[in-house]
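A quick write-up on the structure given underneath.
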């Protein structure tokens, strides 16, 4: 057994690994990273996020810096969304596809300047994505994978704006949804966008890796802020019906099945476009609420009222907001309308649920 | 980690307290701590017969579902209905108000397959 490193030893650490340990966080491997699952309890952290404000260490996520004219350097044809008309200091959600039309990753494009871009991608896909960008950008692009020198802290919750204003960031008031600006927190330069994954008013703070601890401490010094783990982050995103790569998105899933249609620019040429045009979705993503506190789990089967298997659960959790189990999954076409009864589980044990409209959680402070 | 001295334990972290042939069971402090906030308990049917170490309950936390096994074989004679409304009783008081089911024991000799508090404490130490 010599020379075989443990799984833990193979995981990357964010700049805050010892901070999480000191806070007594329960740690978990996620996307190749050693990440805090929870500090206190998932329900108390959920409550604090929805009512007050939380900070999340999201330094595991990937950041690519690209300089070049979007069309001329090849960037425009790698991402599915329209980017050429983006004003500077705005961001836009989309995806990148393989030639077969499968989803390599979902991502957010930040336009920092006319020819200056930041692409934010999922942690588990950093290396794969960097290879894809390097292979498809041309010599007119300057590409840098800055994932290991860019830390990211998410401050999310109805009071998140007050927390940043208390740090002297008066101009944060001007940031509208999906825009960003350059700020300084106690002298440390940060890019801050009004984006997030919780459904609450919130900000994502990109800062230098070696300054991350300082920023974390400055924010957490505000007594209203609580550290919050990935466990809650997943509950919050499922309550908002946000997709997660590896669950609702992957290279075998069509963007049409995953409901990414509106993040695809049908007027431009992009990798995978031909394949997507030829696709006829065989299944559609759907959302459902359990009739009880019993929660659906990824991998559960979905049945119709007659007992026919019609799909599979991709994400499931207990929702504190609804006091019921909630799930996301793919169901055979045709699309089942809200209110239709379905069942989740396996052949031996099925639990009732109803198809719902997204999002499950409708009371977030996201646009306040 | 709290362990009740007079209870018996399984390797799957169930506890059992046997009195007058009735085995009251639940999950241990170690188990509730590992699970986190309990959100749902699928209770066994009353009057159903279970074998020792047969899965007969499911306890769900926010993020996962866990199988719970019968520490003793016999007939389920009572279940803790309070857990339907307040599953968090398992987190708050796992050896008391968070009990799950009572089993009318079929064969008392099966208790020799269980650990004493001392043995369970050593078992927990061996897991780390």
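Just so it is clear, none of the values below were taken in a lab; they were calculated from the coordinates. Bear in mind that the values here come from a model prediction, so they are computed numbers and not experimental data. Note that we place each Cβ from the backbone using ideal geometry, even for glycine, and neighbour counts take in every protein chain shown.
Observations on the model:
- Fully extending the segment from residue A:28 to residue A:274 would add 84.6 nm, taking 0.36 nm per residue of separation and subtracting the current Cα-Cα distance.
- Residue by residue along A:288-296, Cβ atoms of other protein chains within 10 Å of the local Cβ number 3 on average.
- Bridges between two residues of chain A, per DSSP, are antiparallel at a rate of about 95%.
- Spatially, the range A:149-213 and the range A:55-126 are offset by 19 Å when compared through their Cα centroids.
- Computed lengthening from residue A:10 to residue A:305, 0.36 nm per intervening residue step minus Cα-Cα distance: 101.6 nm
- Based on the Stokes-Einstein relation at 25 °C and a viscosity of 0.890 mPa s, and on the Kirkwood radius from alpha carbon pairs, the range A:282-356 is assigned a translational diffusion coefficient of 210 µm²/s.
- Whether chain B is rounded, prolate or oblate, judged on the alpha carbon gyration tensor where a/c under 1.5 counts as rounded: oblate
- Residues A:77, A:147, A:333 in ascending order of nearby Cβ atoms (within 10 Å, fewest first): A:333, A:77, A:147.
- Of B:51, B:12, B:85, the one that fluctuates the most in a GNM where chain B has Cα springs shorter than 10 Å: B:85
- Computed from the Cβ-Cβ distance with R0 of 25 Å, the FRET efficiency linking residue A:162 to residue A:213 stands at 0.65.
- Shape of the protein assembly as shown, Cα gyration tensor, a/c cut at 1.5: prolate
- Packing around the peptides A:133-142, A:95-104, taken as the average count of other Cβ atoms within 10 Å per residue, puts them in this order, highest first: A:95-104, A:133-142.
- Virtual spin-label span in nm between residue B:117 and residue B:46, 7 Å along Cα→Cβ: 3.1
- Order of A:209, A:117, A:46 under a 10 Å beta carbon neighbour criterion, fewest first: A:209, A:117, A:46
- Gaussian network model of chain A, springs between alpha carbon atoms under 10 Å - residue of A:287, A:110, A:178 with greatest fluctuation: A:178
- Other protein chain Cβ atoms within 10 Å, averaged over every residue that makes up A:315-321: 3
- Separation of alpha-carbon centers, the range B:42-95 and the range A:14-31, rounded to whole Å: 32
- Put in line by how crowded their Cβ is, counting other Cβ atoms within 10 Å and starting with the fewest, A:330, A:148, A:263 read A:148, A:263, A:330.
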